[in-house]
Amino acid sequence: MKNRPLRAISLIDSLGLHDSIFTSEFDPPRQDSIKCAEILSHLSDSFDTKDELLWLAAALSPFRGLTCQVKKKEVPAVSVVLSDGLKVDRNTDHG
């Protein structure tokens, strides 16, 4: 997603890979990710959209508002997808 994030999210969507890449116990409608990415792409004329976290947020938009139980605590599903599914390195410089 680094060089052409809209293309990457579009491919993930068209190939039906969203649930394989962004794994979760939930199966929300995944088409929100491409809608958010397209909106972000249109906004790129107005502000800098090169921040990878913006594109990651678009890709994870289907999980917004969802929570799940982890070690008897209610946590956002997005954080579970990030920590368990993507194994995001929190020490990486994002901008």
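The values are calculated or read from the model by the stated rules, or taken from the named source; none is laboratory data. Everything numeric in this text was worked out from a predicted model, so none of it was measured. All Cβ positions, even for glycine, are placed from backbone atoms using ideal geometry, and neighbour counts span all protein chains on display. Just the protein is used for accessible areas: all its heavy atoms, side chains included, with ligands, DNA and RNA removed. Shrake-Rupley method; radii C 1.70, N 1.55, O 1.52, S 1.80 Å.
Some observations on this one:
- Here the chain has 54 percent of its accessible surface on carbon and sulfur atoms, given a 1.4 Å probe and all protein chains in place.
- For Rg/Rh (Cα atoms, Kirkwood Rh), calculated from these coordinates, the label among (i) 1.08; (ii) 1.04; (iii) 0.97: (iii)
- Å² per residue, accessible surface of the chain at 1.4 Å: 68
- Near the amide H of Thr67, within less than 5 Å, lie the amide hydrogens of Ala77, all on another chain or at least 5 residues away, with H placed in the peptide plane.
- FRET E, pair Asp45, Val70, Förster distance 35 Å, beta-carbon r, rounded to 0.05: 0.35
- Calculated from backbone phi, Karplus (6.51, -1.76, 1.60) coupling profile of segment 2-10 in Hz, x at Gly/Pro: 5, 8, 9, x, 5, 4, 4, 5, 4
- Solvent-accessible surface (1.4 Å probe) assigned to Ser44 amounts to roughly 50 Å².
- Each of the chymotrypsin sites (Phe, Trp or Tyr not before Pro) that DSSP puts in a loop and that has at most 15 other Cβ atoms within 10 Å breaks the chain; the longest unbroken stretch is 48-95.
- HN-Hα J in Hz across segment 76-81 - Karplus 6.51, -1.76, 1.60, θ = phi - 60°, x for Gly and Pro: x, 4, 4, 5, 5, 4
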